[in-house]
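Chemist: Please read through the structure below; I'll follow up with questions.
The values are calculated or read from the model by the stated rules, or taken from the named source; none is laboratory data. Keep in mind it's a predicted model, so treat the numbers as computed, not measured. The area values use the complete protein model at the heavy-atom level, side chains included, leaving out ligands, DNA and RNA. Shrake-Rupley method; radii C 1.70, N 1.55, O 1.52, S 1.80 Å.
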Amino acid sequence: MDKEAIIEKLKTIVKPFVKNDDAFNTISENTDFITDLNINSANLVDIVLDVEDAFNIEIDNQSMERMLNVKATLDIIQTKLAEK
C-alpha cells in the first residue's frame, strides 16, 4: 500500500474526531493530531484502535505513544505492514 493510499484511509479514520476542519482540509505529513486538528488524547486511543482494525495490524504501546502526527503514524503503519 503506498503512502497516499494510507493517508487517505487515515483521513477517514481521523475525521470523526477532528475539531478543526480547516486544518483537516489541508492535512499533510506535518499535521499534528493534538495541536493542529484539536483531537484530544482520549480520542487518540480510539484512532489507534481504528487504525489497527483498518490496516489489520497490531500497534504496541511504544509505537502508540509516537502516533501524535501524520508522519509518525504513517511510518508506524508502513513498518507494521512490511512486517506482515
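Chemist: Residues of segment 42-75 being outside any helix (DSSP H, G or I) and open to solvent by 60 Å² or more (accessible area, probe 1.4 Å), which ones? Write out each step before concluding.
Modeler: The first filter runs over segment 42-75 and keeps only residues outside any helix (DSSP H, G or I), leaving 56-60, 67-69.
Selection gives N56, E58, D60, L68.
Chemist: I'd like to check something: does segment 27-37 contain any residue that is in a helix (DSSP H, G or I) and within 11 Å of the chain's Cα centre (by Cα)? Outline the logic, then answer.
Modeler: In the first step, residues of segment 27-37 are kept if they are in a helix (DSSP H, G or I); the result is none.
Among the residues of segment 27-37, not one is in a helix (DSSP H, G or I) and within 11 Å of the chain's Cα centre (by Cα), which makes the answer no.
Chemist: Follow-up question, since we're still on this one. Out of everything in segment 1-26 that is within 27 Å of E83 (Cα to Cα) and β-branched (V, I, T), what residue ends up being most open to solvent (accessible area, probe 1.4 Å)?
Modeler: Residue satisfying both the conditions and the ranking: T12.
Chemist: If P16 satisfies all but one of (1) assigned to a helix (DSSP H, G or I); (2) within 14 Å of Q78 (Cα to Cα); (3) more than 10 Å from the chain's Cα centre (by Cα), what's the number of the condition it fails?
Modeler: The failed condition is (2).
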